[in-house]
Amino acid sequence: MRKLSALMAAASVAVMAFAAQAEPIIIKFSHVVQEVGHPKGEAAKQFADRVNSELAGKVLVEVYPNSTLYDDDKALDALELGDLQMAAPSLSKFEKYTKKYRIYDLPFLFDDIAAVDRFQNGEKGIELLGAMEEQGLRGLGYWHNGMKQISANKPLVNPEDAAGLKFRVQTSDVLVAIFQELEANPQKMAFSEVYGALQQGVVDGQENTWSNIYTKKFYEVQDGTTESNHGVLDYLLVTSTDFWDNLPEDIRADLERILGEVTQEANATSTEVNEESKAKIIAAGGVVRTLTPEQKAAWRARLSPVWKQFTDDIGQDLIDAALASNQ
Ligand code: LMR
């Protein structure tokens, strides 16, 4: 009898072990943008599709787009708590964890996304992926969106035009400083609230990429958008060190390979996606204003004091490396 129950116990342990093995590892991936026609939305979907077919039965990626699960701040908290496994917030949203990422918000630092790409793939950019290890967050790569443009409920041509207006900004003190330099009133706000805030006049304007302005229809509730290219909006593909380090080694290697391939493909098309979004805004009747070289120089000169405020946080070495990436 004792032998039988020992046998039954051993069998049930074996069944449990098999069941445990048979359960796929779930990766919940939260982001805040639309899935279709957006550089990040498409990249996240492609990553999930590839993992779910190539690692079928072993890993299941569930993507929650459009802030359906969390906004970006909450997503970072959830990563730390283990309720979420991956996210891709804008680099402006890591202020709570590191001041080094302020490099990405300095106005008129990078000439274009190609320069951002060179910086991120250089020594300093790669080093920055690990800047939040102590806080339990690991950067797995950078995903591009694009250069930021500025819009308001009145024409913005010269920097003085922004004075007195209320602007929504992402959760970054550098972005706050930029709008203070313009004598405007910056207000930090979650992405999901921007359209309503513009529509209801809670804020007068905002800054974002063409793809965000188009997919979230901000142009519908603004006088026009000025093609300022004054900053960059890019993403950190982020996970928790705890989750990533505890993955079986072969699974981690497969995920890293797929991520690398998806990143390369998505990043190569982000500029095109943004250009298409700009064309769609114009086709839909949205106003796009371009700046003369003199007007652009005036915005650049007006915002240059912001650099000094944050140089100590960022480090001159990082700024020099970023400048060198402009070639
Ligand atoms: C924003 O908050 O404006 C952006 O970070 C949203 C996004 O993910 O592109």
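The values are calculated or read from the model by the stated rules, or taken from the named source; none is laboratory data. Quick caveat, the model's predicted, so the values are computed rather than measured. A quick note on method: Cβ atoms are made from the backbone with ideal geometry, for glycine too, and the neighbour counts reach across all protein chains shown. Heads up: the accessible areas ignore ligands, DNA and RNA and are worked out on the full protein's heavy atoms, side chains in. Shrake-Rupley method; radii C 1.70, N 1.55, O 1.52, S 1.80 Å.
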> If you take the charge dipole of the chain about its Cα centre, with +1 on Lys and Arg Cβ and -1 on Asp and Glu Cβ, which of 110, 299, 147 is farthest toward its positive end?
Replying inline: 147
>> For a quick check, take a GNM of the chain with Cα springs below 10 Å and name the residue from 164, 125, 231 with the largest mean-square fluctuation.
In response: 164
>> Let me make sure I get this right: for the stretch 242-327, a, b and c are the square roots of the gyration tensor eigenvalues over alpha carbons, sorted descending. Under 1.5 in a/c it's rounded, otherwise prolate if a/b > b/c, else oblate. Which is it?
In response: oblate
>> Taking 22 Å as R0, compute the FRET efficiency from the Cβ-Cβ separation of residue 251 and residue 133 and round it to 0.05.
In response: 0.60
> Sorted by accessible area with a 1.4 angstrom probe, largest first, how do 126, 178 fall?
Replying inline: 126, 178
>> With every protein chain left in place and a probe of 1.4 Å, what is the accessible surface of residue 310, to the nearest 10 Å²?
In response: 20 Å²
>> Running a GNM on the chain with Cα contacts under 10 Å, which residue among 246, 229, 212 ends up with the highest mean-square fluctuation?
In response: 246
> Which one of 268, 192, 285 is farthest out on the positive end of the charge dipole of the stretch 176-327, using unit charges on Cβ (Lys, Arg +1; Asp, Glu -1) and the Cα centre as origin?
Replying inline: 285
> Under a point-charge model restricted to the Cβ atoms of Lys and Arg (+1) and Asp and Glu (-1), what is the dipole moment magnitude of the stretch 176-256 relative to its Cα centre, in debye to the nearest 20?
Replying inline: 360 debye
> List the lysines whose alpha-carbon lies under 20 Å from that of residue 74, not counting same-chain residues fewer than 8 positions away?
Replying inline: 28, 40, 93, 96, 99, 188
> Over the chain, what is the relative contact order in whole percent, taking alpha-carbon pairs under 8 Å and six or more residues apart?
Replying inline: 25 percent
>> Could you sort 157, 202 by their accessible area in this structure, using a 1.4 Å probe and putting the largest first?
In response: 202, 157
>> Given the whole protein assembly as supplied and a 1.4 Å probe, what does the accessible area of residue 129 come to in Å², nearest 10?
In response: 30 Å²
>> If the only charges are +1 at each Lys and Arg Cβ and -1 at each Asp and Glu Cβ, what is the size of the charge dipole of the chain around the Cα centre, to the nearest 20 debye?
In response: 540 debye
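Order 76, 140, most accessible first, counting only protein heavy atoms with a 1.4 angstrom probe.
140, 76
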> Highest GNM mean-square fluctuation, the chain, Cα pairs closer than 10 Å: which of 171, 215, 68?
Replying inline: 68
